[in-house]
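These notes concern the structure reproduced below.
The values are calculated or read from the model by the stated rules, or taken from the named source; none is laboratory data. Keep in mind it's a predicted model, so treat the numbers as computed, not measured. Quick reminder, even Gly has a Cβ in these numbers, built from the backbone with ideal geometry, and neighbours come from all protein chains shown.
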Amino acid sequence: MLFNTLSFAGFFLVVLAGYWALPQHRARLGLLLGASFLFYAAWYPAYLLLFALALAINFLGTRAMSRRLATNRPAARRILIALIVIDLATLGGFKYADFALESLMALSGFVPGLDWQTPSLGIFLPLGISFYTFQMVAYAVDLWRGTCAPIRNPLKFALFISFFPQLIAGPIVRANEFVEQLESKRSFEREKFLHGLDLIALGLFKKVLIADQLAPFVDDVFSRPGDVGTITAWLAVYAYSAQIYCDFSGYTDIGRGCAYCLGYELPRNFRAPYFSGNVTEFWRRWHMTLSNWLRDYLYIPLGGSRDGPTATYRNLFLTMALGGLWHGASWNFVVWGSIHGLALALLRAIHTGRGVPPMAPLLPGRLYRWLSVVTTFHFVSLAWIFFRAESFDVAVMMLGNLVDPVLLTAADRSSLGNYALLTTVLMIGAAAIAHLCIWNATARRIEKSALYAWARPFGWSTIAILVSLYASRGAQQFIYFQF
C-alpha cells in the first residue's frame, strides 16, 4: 500500500476517523496496531507471519534480558548477542543469500578447473525488513546500555516497531523517542494536525510532481549509457540527485505528517542535505536516523575514534562500506559506501591536521562556504551514479560519458524532447519558493494570521489537483522500498 495512492488515502482516513472517535487509549493503540498489520499485509500477506515472529522473539528476548540486567549481566549479554544474531541472520538470509551465491560463483571463475554454478534462490525480500531489523537491534542495545526503559507491554512494543507511517522506509525510531508517546492518551491539537497536513502535501508534491516526473528520463539514460552524450549524462546525474532526495524525503514527510495527524511525532530524517559544506555535514543532514544508527551501533562498537587516527579512519571506512551494503545486495552499493567512507576518512585527516573540528569550514568566508557546498553537491551526485546504476559497468560508462567530447547525440535530441523536464524544473522552483515562503512566514509568525489560514487550504487543494493530474502513469514505488 503506497502512500501516493487513493487506496492509502482511504485507508488513512478510516484509521484517522476511527482513532479520534475512540474514547479509550488502549482501544486507540489496538486500532493503530491492527491498521499497521493490515498495512504491512497488503503488500505480501505471507510475510506478516515472519514479521509477527520477529516481534515475538524480540519482545520475549528483551524482556528476559531486562530481568537479568541487574543480577546477571553475563546472561543478559548472551541474550543480547543471541537477539542480534537472530535479527541480522534473518536480514542476511533474505537480503544477501542470492548476492553471496552470485559472488562465490564469480570468484570461482578465477580458480583454475573450478566452474561452480548454482541457481538463484529467488528469495522475495520482505518489505521494510532492513528498517524494522535495525529498530529492534537498536532497542535491544539501548536496553543493555541502560539508555532506555524496558517495554513491558507487548501491545506497545509491537506498535513501536510496526507503526505504519514509518514501518517501511523509516525514519528509524529509537525507543526513547516514541514509546513515551504511547504511555498516555493523545489529545487533539489543531496546529499539530494542520502541520501534519502540510507535511503530507509537501511529501506528495516532492514524490509525484518532482521525483516521479524525473524518473522516466533517469531510467532511460541509465538503461542506455552508451548512447548518450555529455550534456544528457550530466542532466541525468543532476536529475537523479533531485529524484532520490524528493522521493525519499517525500516519503518521510508523508509518514511524519500522518503521525502528526494522529498526535505523534517522528524524528526528522532530512535537513537540506544538498546545502552541506562537506561530506561529514552531508551525513548529519541526509537520512539522519540511519547516520545516527551507524554511528551508535557500528562505528562506536568498532572502536570509534578511541584508538588513534589510523583506527579512526579504518572505522569510518568500514562503517560506510557496511552502510552501503545495507542499502542493497550489490557491489555497487559497497562501492558507493566505500567512496563516502574514503571521503570521510580523508576529510577527517585534513581537519585533524589543520586543527579544525569536523563540521567546521577549513577557511572562513561566504565564498568558501558556497564553493564547498557546490563541491560537496557534485561529489555526492557523482557517487549517486554507483547507487543508481544496475551494474558496475554501467556506472563506469556513465562516468565516462561525463567527459565525452560528444556533447549531444541524435538520440539525445529526441529523448530530451520527450520528457517534461522544463515542467519538472518549474516544479522544483515552485517547491523552493514554497519552502522559502513557509520558513519566512514561520520566522515572522505570519502563520498565525488570517491570510495564512486562508492560503493553507488553497495550497493543499492545489497540490491535490496537481498530484491527481500528474499521477496518470500510476503510482510509482518509492525508491527506498527496495531496501
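Report yes if some residue within segment 257-276 is in contact (Cβ under 8 Å) with a residue 40 or more places away in the chain, assigned to a helix (DSSP H, G or I) and charged (D, E, K, R); otherwise report no. No. I'd like to check something: does segment 37-60 contain any residue that is assigned to a helix (DSSP H, G or I), over 26 Å from the mean Cα position of the chain (by Cα) and either within 16 Å of T133 (Cβ to Cβ) or modelled with pLDDT of 95 or more (or both)? Looking for residues that are assigned to a helix (DSSP H, G or I), over 26 Å from the mean Cα position of the chain (by Cα) and either within 16 Å of T133 (Cβ to Cβ) or modelled with pLDDT of 95 or more (or both), one finds at least one in segment 37-60, hence yes. Scan segment 334-356 and tell me whether some residue there is aromatic (F, W, Y), in a helix (DSSP H, G or I), in contact with a Leu (Cβ under 7 Å, 6 or more places away or on another chain) and crowded, with 19+ Cβ neighbours inside 10 Å. For segment 334-356, residues aromatic (F, W, Y), in a helix (DSSP H, G or I), in contact with a Leu (Cβ under 7 Å, 6 or more places away or on another chain) and crowded, with 19+ Cβ neighbours inside 10 Å: absent.
Quickly run through segment 269-301 and pick out the residues that are under 11 Å from the mean Cα position of the chain (by Cα) and farther than 22 Å from L342 by Cα. N269, F270, listed by residue number. One residue stands out among those in segment 130-175 that are closer than 20 Å to L322 by Cβ and among the β-branched types (V, I, T): the one that is surrounded by the fewest Cβ atoms within 10 Å (Cβ to Cβ), which is V141.
On inspection, A360 fails the criterion of being outside the structural domain of L88 (by TED's automatic domain parsing), surrounded by 19 or more Cβ atoms within 10 Å (Cβ to Cβ) and out of contact with any Leu (no Cβ under 7 Å at 6 or more places or on another chain). Mind listing whichever residues of segment 222-249 are in a loop (DSSP other than H, G, I, E, B) and either at pLDDT 90 or above or not aliphatic (A, V, I, L, M) (or both)? Correct list: R224, G229. When the test is whether a residue is part of a helix (DSSP H, G or I) and either more than 26 Å from F270 (Cβ to Cβ) or free of Cβ contacts under 8 Å to residues at least 40 places away in the same chain (or both), G304 does not pass it. The set of residues from segment 298-308 being closer than 17 Å to L143 by Cα and either in contact with a Leu (Cβ under 6 Å, 6 or more places away or on another chain) or surrounded by 17 or more Cβ atoms within 10 Å (Cβ to Cβ) (or both) comprises just one member, L298.
Of everything in segment 385-404, what is of a type in the set (F, W, Y) and crowded, with 19+ Cβ neighbours inside 10 Å? Give them in sequence order. F386, F387, listed by residue number. Taken over segment 23-36, residues that are surrounded by 15 or more Cβ atoms within 10 Å (Cβ to Cβ) and not in a helix (DSSP H, G or I) amount to 0.
The test for being part of a helix (DSSP H, G or I), closer than 24 Å to E390 by Cβ and modelled with pLDDT under 90 holds for Q213. Filter segment 61-104 down to residues that are of a type in the set (S, T, N, Q) and surrounded by fewer than 19 Cβ atoms within 10 Å (Cβ to Cβ) and give me whichever is modelled with the lowest pLDDT. The extreme case among them is S103.
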